[in-house]
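**Q** A single structure is presented below for examination.
The values are calculated or read from the model by the stated rules, or taken from the named source; none is laboratory data. Worth saying up front: this structure is predicted, and the values here are computed from it rather than measured. Cβ placement follows ideal geometry from the backbone for every residue including glycine, while neighbour counts extend to all protein chains displayed. Note: areas computed on protein heavy atoms with side chains; ligands, DNA, RNA excluded. Shrake-Rupley method; radii C 1.70, N 1.55, O 1.52, S 1.80 Å.
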Amino acid sequence: METTNNNSYPKSQYPVFNWTFDLENHLFTYDFDAFNFLFNPKKTIKSMTDVLSIMSKEQRKKAQQALKNVISTKESTHFSCCILPNTETISYINFFIELESPKQLKGTFQPSVVFSTQEQSANLFQQLFENNHHGMIITDEHTNILTCNEYFEKQMQVKKGELIGKKTNIFNAGKHSPEFYKNMWDCINNNGHWTGTILNKSPSGHISPHELTIQKIEMSEGRIVYLGLTVDLTEQLARVAEKELGGVDLLTKLPTREEFIKQLEIFCQKTGQHTGKIVLTIKPNFNAATTYEDQITLANALFHVRLCQVNGYLGESVFSVCAEYTVEKNIPRSRSIRSALRYLFQDLRFHSNSSVYNAVMTGRIGVSVLGLDSQTATELVDNALQAMNELHSGEDKRLNFFHHATHEAIERKKRLEKTVEFSINKERLHVHYQPIVECQTGNIVKFEALCRFPAVGDSTATLQELITIAEDLDMINALDRCISKKALKDIPKIQSMFGDHIGVTLNCSLNTKTNTIEVINDLAKLIKQQTKTPHLVTVELTESAYFDSESNTSKSLETLRSLGTNIAIDDFGTGYSSFTYLSNGQFDTLKIDREFIKDIKENTNNFNIVKMITTLSHTLGVKVIAEGVENKSELECLQGLGVDYIQGFLFSKPKPIDELNSANDYVDILKNINLFNPSYQPITRIAEISKNEIRCFDPSEDLFAAYQYSNTHSVSAMPVLIDRKCVGLLTKEAINLHLSPTMGTDLENNREAQVWHKTINQIMQVQFTEVLNSASVVELKQLVLNKAPLPWVIIDDKGHYISLVFESEVLDYLISVSTH
């Protein structure tokens, strides 16, 4: 090992100290100045006794015995030990001793390494103990666990705090006999150590093979501790299982990697015009307790799978398969390959047991395609392995295809991950603010605080990509906290420009491994600490993440509300939206995603969706924000729908706080935007809501007449009258229930032809809601609350039919009321 010496000695080499010891008068001589310069001993070294005093008790015994042996045998000797010349320094010394004369010993000692400070010694211990290749565990003489390193925690899937004080027999997998353990401890006590392969069980019950070394350590005060060093062999398999003979793996009886590639080369040469070759590398998720048996079962099953032409075992529980697929004209290659894979796994399921099949399907599978991403047998195997290794255990994706852009994509993502991690940990994120304005007046009510990353050196990286990476790294909570903290500190500056009534909106994503209650409570604590006006703060919860864990967060939302903080649902309509979540009164605002706002026009699907959301939100006392408003046409449409607030580039792009315009500067923007709604005539009676003119039917008319009319006029229901009184409703759904796909086509049969002649009285529904023509619109609210089925039949005081009121007409009216 190379050691850097900061003194005047040559690099990587400490001086050799010559010494003599007179056995008669005990005179000890050595290079006093050089020794003191290097070691700065706590006390002056004048005698051999002084030299022995800076050794530990055990090392001192070793040195004394060496001196005696040289005197008695007259043969020179070497030994090494640690010395502690002062409270800071530790050095490992190589001693040489020889008998110069009957009355005098002489020799040399040379430091191998010197740690001149406790920090250096501690650093050595830290790096040795907290390594990333061996698990380490320390116990007392009764095998009670004292501590372990992080790598051991990872190996055994347990936390250190759960182990301390417990005996090591908690790892006993029950697979070894009492005699095995007796022989192991006999070896440790007699030889001071033991090394071998052992099956250990984690506290979760997972059994895996480990290479274990136990070292007995006798401390200076006589106390004994044991040091265990472990290597998990799960990914390497047991040593006995990784034996090959003549190119065949002895356990699976399959060709090894080299032999598989040789056979694959021959098979690939047989590729014809109508067939293609793919190679799969499969790493099953075997149960450690039955790994060997499962490997044999899988090897036998692959032998019987028809599409598996060449099979192999690559080591470390990875199997390889070459399968053939059919190449057909005008059929995409991807489709043929998917078909071949489907048949392959179906056949595997038939020839193996459920445990092995599930292990394959929950494991990792990489695929390489000859002629597409690989040209040789070796490339097929290497590329399939790379594709397999790119899969992670936490992913739902279990099968991965290789392609040439993979390396660049991986490296790019690594760079972006470093940028994201650095920006969040060092709080280098920037806050940009976008105003939220009243839809009717254009007045600013608050600013949303949005995250922006510093320059990442990759022009193709989008903000959403970086946010997604933060979620993948489980750092989205830290990102939100960083932005929220900065935004809360900016409130006074924003209010100085726009007024004391202006607030901020903070984003809170619950798409994190952190407990949702902890996330929300932490944000509530931050708001309480950072601002004196929590009632001017709105917290936007990402809807899809929130509703995944709604039951766990309702109490935490009450903590936010107790501060006076407003709560909003972000991107409503893109996740698991349901108005039932709004009815509990925990939300003040609902934000409709830009997806539904872009190019919105009257009577389109998006128009009807926004109309429905707005109307029902207002019924529940929830305000609505439309985000992503970019042009006047969209604004005018949203004004007509009664949306409360807008946010988007039409008014302002997100800007850093130093670039925010003052309130007066927005006047010019407002001048270019028409914020006035069209004139509006009030409606006083429910009957006035109806704008339709629908044909009335006689009960004796047939299904064909009703079908033609409903298709021509696109109506959902039609009244059926006798003597001007409504006796039933004929709905389009009822008509469709009596139709078949072939009716009205050349394939229609005689039986179906007779269906057209069914009379309407056989099809109509006879239960419906009647509303008097004189009923005031005040009564409409009660009808809605009573869930009176729509459409409603409007009648006069004699019971005569007047018109129908449809659901869409009720919604239009409610929107117009909320707007005005």
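**Q** Would you confirm whether any residue within segment 61-81 is in a helix (DSSP H, G or I), over 15 Å from Gln110 (Cα atoms) and modelled with pLDDT under 90?
**A** yes
**Q** Can Thr275 be described as under 34 Å from the mean Cα position of the chain (by Cα), polar (S, T, N, Q) and open to solvent by less than 70 Å² (accessible area, probe 1.4 Å)?
**A** It is false that Thr275 is under 34 Å from the mean Cα position of the chain (by Cα), polar (S, T, N, Q) and open to solvent by less than 70 Å² (accessible area, probe 1.4 Å).
**Q** Next question. Looking at segment 72-90, which of its residues are in contact with a strand residue (DSSP E or B) (Cβ under 7 Å, 6 or more places away or on another chain) and open to solvent by 70 Å² or more (accessible area, probe 1.4 Å)?
**A** If the condition is that a residue be in contact with a strand residue (DSSP E or B) (Cβ under 7 Å, 6 or more places away or on another chain) and open to solvent by 70 Å² or more (accessible area, probe 1.4 Å), then Lys74, His78, Leu84 are the ones that fit.
**Q** Select from segment 241-284 the residues that are part of a loop (DSSP other than H, G, I, E, B), touching a Ser or Thr at 6+ places or on another chain (Cβ under 8 Å) and either over 18 Å from Leu298 (Cα atoms) or at pLDDT below 90 (or both) and list them in ascending order.
**A** Within segment 241-284, Gly247, His274 qualify.
This table checks each residue for (1) part of a loop (DSSP other than H, G, I, E, B); (2) exposed (fewer than 14 other Cβ atoms within 10 Å of the Cβ); (3) under 53 Å from the mean Cα position of the chain (by Cα).
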site	(1), (2), (3)
Glu752	no, no, no
His757	yes, yes, no
Val771	no, no, no
Gly799	yes, yes, no
Glu809	no, no, yes
Asp812	no, no, yes
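**Q** Follow-up. Can you confirm whether Ile93 is surrounded by 13 or more Cβ atoms within 10 Å (Cβ to Cβ) and closer than 25 Å to Glu218 by Cα?
**A** yes
**Q** Whether any residue in segment 315-332 is touching an Asp or Glu at 6+ places or on another chain (Cβ under 9 Å), hydroxyl-bearing (Ser, Thr, Tyr) and either in contact (Cβ under 8 Å) with a residue 24 or more places away in the chain or open to solvent by 60 Å² or more (accessible area, probe 1.4 Å) (or both) is what I want to check.
**A** yes
**Q** From Leu128, Leu105, which residue is open to solvent by 40 Å² or more (accessible area, probe 1.4 Å) and either assigned to a loop (DSSP other than H, G, I, E, B) or of a type in the set (A, V, I, L, M) (or both)?
**A** Matching residue, one of Leu128, Leu105: Leu128.
**Q** How many residues are closer than 20 Å to Ser80 by Cα and within 38 Å of the chain's Cα centre (by Cα) if we restrict to segment 113-128?
**A** 2
**Q** Name the residue, out of Leu780, Leu730, that is part of a strand (DSSP E or B), open to solvent by less than 30 Å² (accessible area, probe 1.4 Å), aliphatic (A, V, I, L, M) and in contact (Cβ under 8 Å) with a residue 12 or more places away in the chain.
**A** Leu730
**Q** Inside segment 733-750, can you point out the residues that are without any contact (Cβ under 8 Å) to a residue 12 or more places away in the chain and open to solvent by less than 100 Å² (accessible area, probe 1.4 Å)?
**A** Asn736, Thr742, Gly744, Thr745, Glu748, Asn749
**Q** For segment 594-663, which helices (runs of 4 or more DSSP H) that fit wholly inside it have 1 or more residues that are surrounded by 17 or more Cβ atoms within 10 Å (Cβ to Cβ) and without any contact (Cβ under 8 Å) to a residue 12 or more places away in the chain?
**A** The helices (runs of 4 or more DSSP H) meeting that bar are 605-619.
Quick grid of which residues meet (1) over 30 Å from Asn631 (Cβ atoms); (2) out of contact with any Cys (no Cβ under 7 Å at 6 or more places or on another chain); (3) modelled with pLDDT under 85:
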site	(1), (2), (3)
Tyr666	no, yes, yes
Lys671	no, yes, yes
Phe676	no, yes, yes
Pro682	yes, yes, yes
Ile694	yes, yes, no
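**Q** Do you know which of the residues in segment 514-544 that are outside any strand (DSSP E or B), modelled with pLDDT of 90 or more and of a type in the set (Ser, Thr, Tyr) is surrounded by the fewest Cβ atoms within 10 Å (Cβ to Cβ)?
**A** Across segment 514-544, the extreme among qualifying residues is Thr533.
**Q** While we're on this one: Looking at segment 477-530, which of its residues are of a type in the set (Asp, Glu) and over 19 Å from the mean Cα position of the chain (by Cα)?
**A** Answer for segment 477-530, where residues must be of a type in the set (Asp, Glu) and over 19 Å from the mean Cα position of the chain (by Cα): Asp490, Asp500, Asp522.
**Q** Filter segment 31-84 down to the residues that are in contact (Cβ under 8 Å) with a residue 40 or more places away in the chain and basic (Lys, Arg), then identify the one that is farthest from Ser121 (Cα to Cα).
**A** Lys57
**Q** Is at least one residue of segment 575-591 under 22 Å from Cys637 (Cβ atoms), of a type in the set (Lys, Arg) and either at pLDDT 85 or above or outside any strand (DSSP E or B) (or both)?
**A** Yes, segment 575-591 contains a residue that is under 22 Å from Cys637 (Cβ atoms), of a type in the set (Lys, Arg) and either at pLDDT 85 or above or outside any strand (DSSP E or B) (or both).
**Q** Being in contact (Cβ under 8 Å) with a residue 60 or more places away in the chain and either open to solvent by less than 70 Å² (accessible area, probe 1.4 Å) or polar (S, T, N, Q) (or both) is the filter here; which residues of segment 132-172 pass it?
**A** His134, Gly135, Met136, Ile137, Ile138, Thr139, Asp140, Thr143, Phe152, Gln155, Thr168
**Q** May I ask you to verify whether Glu119 is at pLDDT 90 or above and surrounded by fewer than 15 Cβ atoms within 10 Å (Cβ to Cβ)?
**A** Here the answer is no, as Glu119 does not meet what is asked.
**Q** Would you pick out the residues in segment 282-301 that are within 15 Å of Thr256 (Cβ to Cβ) and not small (Gly, Ala, Ser)?
**A** Gln295
**Q** Tally time: how many residues in segment 336-369 are exposed (fewer than 15 other Cβ atoms within 10 Å of the Cβ) and assigned to a loop (DSSP other than H, G, I, E, B)?
**A** Count: 2.
**Q** Name, by its number, the condition in (1) of a type in the set (A, V, I, L, M); (2) open to solvent by less than 80 Å² (accessible area, probe 1.4 Å); (3) at pLDDT 90 or above that does not hold for Leu38.
**A** Of the numbered conditions (1) of a type in the set (A, V, I, L, M); (2) open to solvent by less than 80 Å² (accessible area, probe 1.4 Å); (3) at pLDDT 90 or above, the odd one out for Leu38 is (3).
**Q** Would you mention how many residues in segment 687-707 are assigned to a helix (DSSP H, G or I), open to solvent by less than 50 Å² (accessible area, probe 1.4 Å) and over 13 Å from Val755 (Cα atoms)?
**A** 2
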